[in-house]
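S.K.: Following this message is one structure expressed as structure tokens.
The values are calculated or read from the model by the stated rules, or taken from the named source; none is laboratory data. Owing to the predicted nature of the structure, the values given are computational and were not obtained by experimental measurement. In this analysis, Cβ positions are derived from the backbone assuming ideal geometry, glycine residues included, and neighbour counts consider all displayed protein chains.
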Amino acid sequence: MPKTMHVAAVEHYGKPLVLQEWKIPQPGPGQILIKTEACGVCHTDLHAAKGDWTIKAKLPFIPGHEAIGRVVAIGAGVKAVKEGDRVGVPWLHSACGHCEHCLAAWETVCAEAEFGGYTKNGGFAEYLIADPNYVAHIPANLDPKLAGPLICAGITTYKGIKETKARAGEWVVISGAGGLGHLGIQYAKVMGFQVCAVDIDDEKLAHAKTLGADLTVNMKNPGAVEEVVKGTNGGAHGVLITAPSLPAYKQGVAMTRKRGTCVLVGLPPGDFPLPAFDVATNCITVRGSFVGTRGDMAETLDFGARGLVKADIELQPLSAINTIFDRLEHGKIASRVVIDFSNAA
């Protein structure tokens, strides 16, 4: 094993990532070392690198929370995985395991949770440290490059759809048909829903049709919200907002049927002014959903392993990360970019 690795690190918020060589970390007790095969790029990585959120990562740090790779070393006491296992290191890096939320299988909201590529160094690196109790176990028949987006975008949309509490046969709106949304559309169809995809990009909406969307609406069009309400016979039973956009949040609540549920997973900077009158008089539930639990992860990956859901990916080298971020910020990425480490030393 080499002594150093190539990484893309954030040294200053809002500045380009720096390509550097760092010393390969060694796993301590209860830790594992993973050699990265692939790592998806998420809009959350961009927010983290820009310092958009109130709680900021300690500089310098390595983003990336869709890392897939092989376990190459294990620390003392590790029993959950063994060397050679293929695992994924998701956004939820670890949790305390004993608080009221962890005990109720809601470890994603644990007050002591650590996050991959944020509070812990992530997958924009040839090697990374992980907690074996919280890694995703990748099915043998699932390509690691396709698995990467599923352990973030996939689980986030799958869990969010579950949180709408909609039933099979009812209408679900997927707001945003890009990196998250194109997976959300597929999960919603497999789960038996009628799906309306909304976006501001006609090309993404055309792609949504090929993925099975029953109705597509461009939200730039005059009367777009009314078109969705009419097309879903009174509004959607569940709305999943994947777009990191405050206007999308406002539109999402307006597209929700009376007594329906609007779930927020996109993370735009700023505060969302909730239309309290409409929410109260229509008995609408507005609910946040934050990635998903380890149980959700197993279900998410199972759909992928069975070929029922597939991420649309574009492979790029680590050296292209700043170009990728620029394209991501300007909406120039159709679905999901995955950093390919297969040719790395």
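S.K.: Out of the residues in the stretch 23-36 meeting the condition of being surrounded by fewer than 24 Cβ atoms within 10 Å (Cβ to Cβ) and within 24 Å of the chain's Cα centre (by Cα), tell me which one is farthest from His93 (Cα to Cα).
M.R.: The selected residue is Lys35.
S.K.: Separate question: Among the numbered criteria (1) of a type in the set (D, E, K, R); (2) within 21 Å of Gly181 (Cβ to Cβ); (3) touching a Leu at 6+ places or on another chain (Cβ under 9 Å), which single criterion is violated by Lys332?
M.R.: Single failed check for Lys332: (3).
S.K.: Among the residues of the stretch 16-25, are any assigned to a loop (DSSP other than H, G, I, E, B) and over 23 Å from Gly148 (Cβ atoms)?
M.R.: no
S.K.: Look at Asp52 and say whether it is touching a residue at least 40 places away in the same chain (Cβ under 8 Å), farther than 23 Å from Ile138 by Cα and charged (D, E, K, R).
M.R.: Criteria met by Asp52.
S.K.: Does the stretch 176-192 contain at least one residue that is within 16 Å of the chain's Cα centre (by Cα) and on the phi > 0 side of the Ramachandran plot?
M.R.: yes
S.K.: Every residue in the stretch 26-48 that is out of contact with any helix residue (DSSP H, G or I) (no Cβ under 7 Å at 6 or more places or on another chain) and either under 17 Å from Pro132 (Cα atoms) or among the charged types (D, E, K, R) (or both), please.
M.R.: Let us first name the residues in the stretch 26-48 that are out of contact with any helix residue (DSSP H, G or I) (no Cβ under 7 Å at 6 or more places or on another chain), namely 26-36, 44-45, 47-48.
Scanning the stretch 26-48 gives Gln26, Pro27, Gly28, Pro29, Gly30, Gln31, Ile32, Leu33, Ile34, Lys35, Thr36, Asp45.
S.K.: Further question: Just wondering, is there one or more residues in the stretch 23-43 that are modelled with pLDDT under 95 and either charged (D, E, K, R) or in contact with a Pro (Cβ under 9 Å, 6 or more places away or on another chain) (or both)?
M.R.: Yes.
S.K.: I'd like the residue in the stretch 3-22 that is aliphatic (A, V, I, L, M) and within 17 Å of Thr119 (Cα to Cα) and, out of all such residues, is surrounded by the fewest Cβ atoms within 10 Å (Cβ to Cβ). Can you show your working first?
M.R.: Step one: of the stretch 3-22, the residues aliphatic (A, V, I, L, M) are 5, 7-10, 17-19.
Keeping just the survivors that are within 17 Å of Thr119 (Cα to Cα) gives 7-10, 17.
On the way: Val7: 25, Ala8: 27, Ala9: 18, Val10: 23, Leu17: 22.
Top of the filtered list is Ala9.
S.K.: Something else: Could you pull out the residue among Gly116, Gly97 that is under 28 Å from Pro60 (Cβ atoms) and touching an Asp or Glu at 6+ places or on another chain (Cβ under 9 Å)?
M.R.: Residue meeting the stated conditions: Gly116.
S.K.: Then there's this: Within the stretch 159-256, which strands (runs of 3 or more DSSP E) (wholly inside it) include 2 or more residues that are touching a residue at least 60 places away in the same chain (Cβ under 8 Å)?
M.R.: Result: 171-175, 236-241.
S.K.: With respect to Ala80, determine if the residue is closer than 17 Å to Val10 by Cβ, at pLDDT below 95, of a type outside the set (Lys, Arg) and in contact with a strand residue (DSSP E or B) (Cβ under 9 Å, 6 or more places away or on another chain). Even if it seems obvious, please write down each step before you answer.
M.R.: On the way: closer than 17 Å to Val10 by Cβ: no; at pLDDT below 95: yes; of a type outside the set (Lys, Arg): yes; in contact with a strand residue (DSSP E or B) (Cβ under 9 Å, 6 or more places away or on another chain): yes.
No, not satisfied.
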